[in-house]
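Below is one structure. I have some questions about it.
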Amino acid sequence: MFRQSFHELAISTRGRGLYEFTREVEKWIEQNQFRDGLLTLHLQHTSASLLIQENASPDVRRDFEAFFARLVPDGDPIFEHTIEGDDDMPAHVRTALTTVNLSIPVHNGEMALGTWQGIFLWEHRVHSHSRRVALHFMGE
Amino acid sequence: MFRQSFHELAISTRGRGLYEFTREVEKWIEQNQFRDGLLTLHLQHTSASLLIQENASPDVRRDFEAFFARLVPDGDPIFEHTIEGDDDMPAHVRTALTTVNLSIPVHNGEMALGTWQGIFLWEHRVHSHSRRVALHFMGE
Amino acid sequence: MFRQSFHELAISTRGRGLYEFTREVEKWIEQNQFRDGLLTLHLQHTSASLLIQENASPDVRRDFEAFFARLVPDGDPIFEHTIEGDDDMPAHVRTALTTVNLSIPVHNGEMALGTWQGIFLWEHRVHSHSRRVALHFMGE
């Protein structure tokens with residue numbers, strides 16, 4: 001029997017960086033006993049993004065931050081939109097360079113993620129935020 | 001009752017920049033009375049992209065263009081594929097750095113977009129083009 | 001009748017570069033006589049990505065590689081995570097700058113790709129790898 005389900009996750013961030021929430025998504029799948037179908041995650045913000053990446057090494061997370069801080073520097077004089085601060089426009093650009101949408105097949109009750117893949121929210125603003133991720137499942 | 005529907009939007013661009021078409025997508029959802037399901041947008045080009053971003057400030061749009069013009073400069077001697085002009089290969093690279101696919105849940109007749117999120121076509125070529133976006137809805 | 005189907009493609013890579021596999025995906029669609037629905041591709045790795053791009057010119061492929069080699073250089077001293085070699089962290093960053101998820105509508109038995117669009121696996125590591133792409137189709 002085909003069915004669909006909606007959910008929303010709230011994720012609290014404490015400044016820039018990667019926040020893994022793979023387990024929260026797995027819990028939702030388990031609680032609803034989704035077996036086979038398609039899972040969609042949509043982040044409802046323009047200054048943070050979703051990322052599937054290495055879930056093991058903390059130095060990978062540090063290096064991501066270091067690379068993006070150099071690629072899209074805060075306070076870059078190229079930016080005119082600075083009303084919310086030096087990190088405002090860089091956060092929009094970092095979001096555009098990554099993504100706010102993920103589509104993950106679910107098979108036999110498990111997301112089709114690779115061994116080293118985790119699901120992260122990437123906060124691009126320097127201050128704390130509460131971020132919302134819309135979840136949708138369609139399948140059996 | 002599960003059903004699906006296909007549609008195509010044609011978007012005329014007049015040079016580089018962001019062209020919002022959130023309202024055109026909403027109209028298609030309303031006309032067909034889609035209630036709950038998954039909306040997919042696929043842009044059928046390799047030198048323009050789709051972007052979900054800030055729908056308010058024109059200076060945000062200007063800054064996006066300024067940043068990308070510096071990151072992937074026209075006429076960069078690193079590029080050999082220049083047959084269609086100085087902006088040809090940079091347009092492909094900008095497309096690769098963003099995306100041509102979006103997946104957006106639809107709940108109670110509305111896309112699960114955040115307050116500030118709009119859907120944009122990002123034209124990366126300097127001349128005018130007609131761009132096609134394939135729309136697909138699956139749900140109830 | 002709505003139905004869904006799962007499949008896995010294994011793609012062998014021989015160092016950095018773009019490997020087209022559009023035909024392999026088309027074959028799966030034909031063999032199963034999928035007519036209308038949504039196709040999802042998910043790459044199960046963190047150092048390679050999926051890309052929809054120009055399927056004609058080899059110099060486009062060369063230029064992509066040249067641009068990314070300059071943007072995310074191997075052995076960049078900014079990176080601390082070097083345990084798997086100079087190309088390790090750059091491969092993660094290149095993956096984050098592109099994507100591991102694609103959603104493509106299928107209409108009348110054909111993917112809604114544009115004339116020049118092909119589906120590529122982008123290998124970001126310098127050595128050979130075997131990469132897995134999870135395929136999912138939902139529709140009629």
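The values are calculated or read from the model by the stated rules, or taken from the named source; none is laboratory data. These figures come from a predicted structure and were not determined experimentally. Glycine gets a Cβ as well: all are built from the backbone with ideal geometry, and neighbour counts include every protein chain shown.
If the requirement is being more than 8 Å from chain B (Cβ to nearest Cβ), surrounded by fewer than 22 Cβ atoms within 10 Å (Cβ to Cβ) and over 17 Å from C:Leu18 (Cβ atoms), which of these qualifies: C:Glu140, C:Glu84?
Values: C:Glu140 fails: more than 8 Å from chain B (Cβ to nearest Cβ).
Step by step, each of C:Glu140, C:Glu84 is checked, and only C:Glu84 is more than 8 Å from chain B (Cβ to nearest Cβ), surrounded by fewer than 22 Cβ atoms within 10 Å (Cβ to Cβ) and over 17 Å from C:Leu18 (Cβ atoms).
With the requirement that a residue be under 11 Å from A:Ile52 (Cα atoms) and in contact (Cβ under 8 Å) with a residue 24 or more places away in the chain, what does segment A:101-140 give you?
A:Asn101, A:Leu102, A:Ser103, A:Ile104, A:Leu113, A:Trp116, A:Gln117, A:Gly118, A:Ile119, A:Phe120, A:Leu121, A:Trp122 - these are the residues of segment A:101-140 that are under 11 Å from A:Ile52 (Cα atoms) and in contact (Cβ under 8 Å) with a residue 24 or more places away in the chain.
From the set of residues in segment A:87-103 that are more than 7 Å from every other protein chain (Cβ to nearest Cβ) and more than 15 Å from the chain's Cα centre (by Cα), which is nearest to B:Phe67 (Cα to Cα)?
Taking the candidates together, the pick is A:Pro90.
Since B:Leu39 meets every condition but one in (1) part of a strand (DSSP E or B); (2) farther than 23 Å from C:Gly37 by Cα, which condition does it not meet?
Here B:Leu39 meets the rest and fails (2).
Conditions first: (1) more than 9 Å from chain C (Cβ to nearest Cβ); (2) in a strand (DSSP E or B). A:Phe79 passes all but one, so which condition is the exception?
Against the list (1) more than 9 Å from chain C (Cβ to nearest Cβ); (2) in a strand (DSSP E or B), A:Phe79 comes up short only on (2).
Is it the case, given these coordinates, that C:Val60 is over 29 Å from A:Phe120 (Cβ atoms) and either of a type in the set (S, T, N, Q) or not in a helix (DSSP H, G or I) (or both)?
Values: over 29 Å from A:Phe120 (Cβ atoms): yes; either of a type in the set (S, T, N, Q) or not in a helix (DSSP H, G or I) (or both): no.
So C:Val60 fails the test.
Of everything in segment C:44-64, what is in contact (Cβ under 8 Å) with a residue 12 or more places away in the chain and more than 19 Å from C:Ile11 (Cα to Cα)? Give them in sequence order. Walk me through it before giving the result.
Initially, segment C:44-64 is screened for residues in contact (Cβ under 8 Å) with a residue 12 or more places away in the chain, giving C:44-56, C:61, C:64.
Of everything in segment C:44-64, those that are in contact (Cβ under 8 Å) with a residue 12 or more places away in the chain and more than 19 Å from C:Ile11 (Cα to Cα) turn out to be C:Glu54, C:Ala56, C:Phe64.
Now, a different point. Which ones in segment A:1-36 are surrounded by 15 or more Cβ atoms within 10 Å (Cβ to Cβ) and of a type in the set (Ser, Thr, Tyr)?
Residues satisfying the conditions are A:Ser5, A:Thr13, A:Tyr19, A:Thr22.
Quick check: anything in segment C:104-115 crowded, with 23+ Cβ neighbours inside 10 Å and over 23 Å from B:Leu9 (Cα atoms)?
So far as segment C:104-115 goes, no, none of its residues is crowded, with 23+ Cβ neighbours inside 10 Å and over 23 Å from B:Leu9 (Cα atoms).
Which condition from (1) within 22 Å of C:Pro90 (Cβ to Cβ); (2) at pLDDT 95 or above is the one that C:Arg61 breaks?
(2)
Filter segment C:52-62 down to the residues that are out of contact with any helix residue (DSSP H, G or I) (no Cβ under 9 Å at 6 or more places or on another chain) and of a type in the set (D, E, K, R), then identify the one that is nearest to the other protein chains (Cβ to nearest Cβ).
C:Arg62
Quick check on C:Ser49: is it closer than 27 Å to A:Thr40 by Cα, within 13 Å of chain A (Cβ to nearest Cβ), surrounded by 21 or more Cβ atoms within 10 Å (Cβ to Cβ) and in contact with a helix residue (DSSP H, G or I) (Cβ under 6 Å, 6 or more places away or on another chain)? Write out each step before concluding.
Working: closer than 27 Å to A:Thr40 by Cα: yes; within 13 Å of chain A (Cβ to nearest Cβ): yes; surrounded by 21 or more Cβ atoms within 10 Å (Cβ to Cβ): yes; in contact with a helix residue (DSSP H, G or I) (Cβ under 6 Å, 6 or more places away or on another chain): yes.
Against the criterion (closer than 27 Å to A:Thr40 by Cα, within 13 Å of chain A (Cβ to nearest Cβ), surrounded by 21 or more Cβ atoms within 10 Å (Cβ to Cβ) and in contact with a helix residue (DSSP H, G or I) (Cβ under 6 Å, 6 or more places away or on another chain)), C:Ser49 qualifies.
Still on this structure: Given the condition within 13 Å of chain C (Cβ to nearest Cβ), under 18 Å from B:Asn101 (Cα atoms) and either among the aromatic types (Phe, Trp, Tyr) or in a strand (DSSP E or B) (or both), answer yes or no: does some residue in segment B:15-36 qualify?
No, the conditions are met nowhere in segment B:15-36.
Looking only at segment A:104-137, how many residues end up being more than 7 Å from every other protein chain (Cβ to nearest Cβ), in a strand (DSSP E or B) and either touching a Phe, Trp or Tyr at 6+ places or on another chain (Cβ under 9 Å) or among the small types (Gly, Ala, Ser) (or both)?
Here the count works out to 13.
While we're on this one: C:Gly114 - would you say it is of a type in the set (Gly, Ala, Ser), in contact with a strand residue (DSSP E or B) (Cβ under 9 Å, 6 or more places away or on another chain) and more than 21 Å from A:Pro105 (Cα to Cα)?
Numbers: of a type in the set (Gly, Ala, Ser): yes; in contact with a strand residue (DSSP E or B) (Cβ under 9 Å, 6 or more places away or on another chain): yes; more than 21 Å from A:Pro105 (Cα to Cα): yes.
It is true that C:Gly114 is of a type in the set (Gly, Ala, Ser), in contact with a strand residue (DSSP E or B) (Cβ under 9 Å, 6 or more places away or on another chain) and more than 21 Å from A:Pro105 (Cα to Cα).
Ok, one more. Conditions: (1) more than 9 Å from chain C (Cβ to nearest Cβ); (2) over 28 Å from B:Ala69 (Cα atoms); (3) of a type outside the set (Gly, Ala, Ser); (4) surrounded by fewer than 23 Cβ atoms within 10 Å (Cβ to Cβ). A:Glu65 meets all but one. Number of the miss?
Only one criterion is unmet by A:Glu65, namely (2).
So which residues in segment C:82-103 are aliphatic (A, V, I, L, M) and outside any helix (DSSP H, G or I)?
Restricting attention to segment C:82-103, the residues satisfying the condition of being aliphatic (A, V, I, L, M) are C:83, C:89, C:91, C:93, C:96-97, C:100, C:102.
Within segment C:82-103, C:Ile83, C:Val100, C:Leu102 qualify.
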